[in-house]
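Every read-out reported here was derived from the displayed coordinates using simple, explicitly stated rules and does not represent laboratory data. Since we're looking at a predicted model, the values are computed, not measured. Every residue, glycine as well, gets a Cβ built from its backbone with ideal geometry; the counts of neighbours run over all protein chains shown.
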Amino acid sequence: MTVEEMDRLIRADDGIRVLEAQDDLFYLYDPAADLPPERQQPFATIVTGDHYEHVSRLDEPGAWRLNLGLTKATYTSLFGPVPTERDADWVLDSGHDYSVRDKLMPHPFYASQHWVCIVSPTELAPLRPLLTEAYEFAARKYANQAARQTR
């Protein structure tokens with residue numbers, strides 16, 4: 001699977017706005033394109049280099065990482081309680097080697113917010129339900145915020 005294939009798949013859903021920085025992609029659910037900056041939290045990202053950290057070794061040829069924000073229930077069903085201990089570089093100690101390819105694992109920095117990641121995935125099938133959940137969770141948060149605004 002390539003970055004381009006994953007990008008096309010994520011963009012196919014309705015209401016997606018994509019922000020780009022340093023060749024990385026940040027997917028927001030923003031159907032009206034009206035989210036204020038403080039609410040522009042992506043539900044998925046594709047990171048293509050070691051711009052923010054080095055534990056995933058994204059500087060290696062062909063390496064990239066898909067990150068997904070999941071519900072607490074799904075995250076804990078996959079990995080148990082979120083890690084809380086961090087090393088000197090602020091990386092969460094989840095017991096995973098964050099440089100392993102094609103293995104779903106907690107996100108090295110955002111697992112405590114129920115984010116997961118996979119470096120250089122090869123198969124789409126196991127990721128499809130997680131992509132759907134991340135998208136639907138973002139859509140629910142957007143709808144809930146919109147409902148609060150109209151009260």
Task: Debye intensity ratio I(q)/I(0), log10, the stretch 3-149, q values 0.13, 0.19 Å⁻¹ (C-alpha model) - done: -0.57, -1.22
TODO: Would you give the gap between the C-alpha center of the stretch 114-151 and the C-alpha center of the stretch 54-86, rounded to a whole Å?
DONE: 14
Open item on the list: Quick check: residue separation of Glu123 and Asp7 times 0.36 nm, minus the Cα distance between them. What number comes out in nm?
Closed with: 40.3 nm
- [ ] Would you calculate a helix-derived [θ] at 222 nm for the chain, using -39,500 (n - 2.57) for each DSSP H run of n ≥ 4 and dividing by the full residue count, to the nearest 500?
- [x] -8000 deg cm²/dmol
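Please state the relative contact order of the chain as a whole percent: Cα pairs under 8 Å, 6+ residues apart?
Computed over the chain, the figure is 21 percent.
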Task: Note, ³J(HN,Hα) from phi for the stretch 56-70, Karplus 6.51, -1.76, 1.60, rounded to Hz, x at Gly and Pro - done: 8, 6, 7, 7, 6, x, x, 7, 7, 9, 8, 10, 9, x, 10
Task: Spin-label model distance (nm) - Glu136 vs Asp14, 7 Å beyond Cα toward Cβ - done: 1.6
TODO: Quote the charge dipole size of the stretch 3-149 about the Cα centre in Debye, to the nearest 20; the model charges only the Cβ of Lys and Arg (+1) and of Asp and Glu (-1).
DONE: 620
- [ ] Step through the residues of the stretch 93-99 one at a time and calculate ³J(HN,Hα) from phi using the Karplus curve (6.51 cos²θ - 1.76 cosθ + 1.60, θ = phi - 60°), rounding each to whole Hz and writing x for Gly and Pro.
- [x] 8, 9, x, 9, 8, 5, 9
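Trypsin sites (Lys or Arg not before Pro) within the stretch 98-148: which are DSSP loop residues with at most 16 other Cβ atoms inside 10 Å?
Here the sparse-neighbourhood loop sites are Lys103.
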